[in-house]
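As structure tokens, the structure follows; a few thoughts come after it.
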Amino acid sequence: MAAADSKSGELPEKGLLLIGMGMGSLEGMTLEAQAAAGAANHRRYEAYTALWPDDELKRLEEKVGPIQRVMRPEVEEPDELFSLAKQSLVALLVVGDPLQATTHVDLQLRAMDAGIDCTVIHGISITTVVTGAIGLSNYKFGRQTTLTYPYGNWIATSPLEILAFNREQNLHTLALLDLDPTGLGTGDQRPMRPKDAVESMRLMWEKLQNTREDTYVEENGEKASRHMVTDTYLQQSFDSVPVVLCSDMGTANQSIVTTTLGNLAREEGGRLNCLVFPASTGEIEEKAMLRWKKE
């Protein structure tokens, strides 16, 4: 069964609705999304990839009806969702846009395979808001990444490697910040603060510096050093790396600060934060960035 969109303005009598909630307030959620949520027989709020403020979620409930929070297991093993969707209309409410995470794309495909109508109602996402908001060209962004919490003695270094490869190509990088120190997606969420992000970055930096080796891989028929680009990136001073802290984007509490990794830990940030690591900037980009620099 083909996936549906909401262009017709008509909703099926039963099936799955993937609804984008927008950035963090009822006012930022489209009227179409609010109407669809209100029309559903069951509403589930996916609360592990991103979060809405509790007071805003309460306002939404007052408008559309009761909403049940679900976490990673319920979405990745959607037996209950699918069982309900085969008999009634089920809304899965997702912060931002519902198809920004591969988890939800997978859910959409699995619903289609199960013969369940799956209607998507898009929402405003951090990936579309943050680039223009800080004044950097959207065309100059490379692959985005997520800074994760360390788990015991382990820390992922791939985010720093992505930063290095983007910078080598003169591309800016959007880095989202982890919400879950456990990595399980089952609750006990604690959105990463600026100081947490600095600590995570420093651990990655130190790990890569301590594990340098001349490892080569076959790439397009030519021998290339896997670590060459990363090693070049690590030669700069950690504390002097420029970064833009973006907090509570798309809400009334939105805040943008241009700083460095050395000073980032001093920033309080907001409820939800993300970072942008700029590459070289053009004249207009440079002027735009100066707006957010503290005196």
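Every read-out reported here was derived from the displayed coordinates using simple, explicitly stated rules and does not represent laboratory data. This structure is a prediction, so every number in the text was calculated from the model and none was measured. Note: ideal-geometry Cβ built from the backbone for every residue, glycine included; neighbour counts use all protein chains shown.
Numerical summary
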| quantity | calculated |
| --- | --- |
| Within segment 82-124: backbone nitrogen closer than 15 Å to the Ala39 label point (7 Å, Cα to C-beta) | 88-92, 117-122 |
| DSSP-defined antiparallel bridges as percent of all bridges, the chain, nearest 5 | 45 percent |
| Within the chain, helix-based [θ] at 222 nm, where runs of 4 or more DSSP H residues each add -39,500 (n - 2.57), nearest 500 | -9500 deg cm²/dmol |
| Kirkwood Rh, Cα atoms: Rg over Rh of the chain | 1.01 |
| Charge dipole magnitude, Cβ of K and R +1, D and E -1 - segment 4-124, Cα centre, debye nearest 20 | 140 debye |
| Fewest-first ranking of Ile121, Ile155, using other Cβ atoms within 10 Å as the exposure measure | Ile155, Ile121 |
| Inverse mean reciprocal Cα-Cα distance (Kirkwood Rh) of segment 4-124, Å | 13.8 Å |
| Percent of Cα pairs exceeding the 19 Å cut-off, where the set is segment 127-290 | 57 percent |
| DSSP bridge pairs, segment 4-124: antiparallel proportion in percent, nearest 5 | 5 percent |
| Extension gain (nm, one decimal) between Lys294 and Val105, 0.36 nm per residue minus Cα-Cα | 64.1 nm |
